[in-house]
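Peer 1: Dumping the structure here so I can ask a few things about it.
Read the figures in this text as sums done on the coordinates, not as results from a lab. The structure displayed is predicted, hence computed values, not measured ones. Glycine also receives a Cβ, built like all others from the backbone with ideal geometry; neighbour counts cover every protein chain displayed.
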Amino acid sequence: HVQLVESGGGSALAGGSVRLSCAASGYTFNTYSWFRQAPGQEREGVAAIDTGDGSTYYLNSVEGRFTISHDNAKNTLYLQMNNLKPGDTAMYYCAADRPPFGNWDEADVYNYWGQGTQVTVS
């Protein structure tokens, strides 16, 4: 079965670092992304990667602080989050399998989602 399982979330101090992982099983995808959603806010795209050509995309507010990557051998997606800010507090989700016509930061175009992992920055 296709499954995405996030891990690595938790609490961190402002300025700290957290690395999230998303282990995929059942299929090898070409497109992945991380989304986050805070209470009362829309789900927003944080970062995306095309594993075919290595292209990456980032939300402006995380550019330079977050890095998305994918380990093809482990079929695992990562989000390295550095210099965390309280505004980064949210539930983080990984998503996979974006059709060619879909925009990377549109949540409804992805076919698979993980269960989410909470990141709290204070």
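Peer 1: Placing +1 at every Lys and Arg Cβ and -1 at every Asp and Glu Cβ, with all other atoms neutral, what dipole size does the chain have around its Cα centre, in debye to the nearest 20?
Peer 2: Details: 7 positive and 12 negative charges, 78 e Å.
My answer is approximately 380 debye.
Peer 1: Which FRET efficiency, nearest 0.05, do His1 and Asn103 yield, Cβ-Cβ r, R0 35 Å? Please report the intermediate quantities before stating the final value.
Peer 2: Details: r = 27 Å, r/R0 = 0.78.
Computed FRET efficiency for His1 and Asn103: 0.80.
Peer 1: While we're here: Where in segment 96-119 is the amide nitrogen less than 11 Å from a point lying 7 Å along the Cα-to-Cβ axis of Ser55?
Peer 2: Backbone N within reach: 100-104.
Peer 1: Is there a quick way to get the dipole size of segment 53-112? I mean about its Cα centre, with the Cβ of Lys and Arg at +1 and of Asp and Glu at -1; what is the value in debye to the nearest 20?
Peer 2: Numbers: 4 positive and 8 negative charges, 47 e Å.
That gives segment 53-112 a dipole magnitude of about 220 debye.
Peer 1: For Gln41, project a label point 7 Å along Cα to C-beta. Then give me every residue of segment 81-103 with its amide nitrogen under 11 Å of that point.
Peer 2: Zone members listed by number: 85-92.
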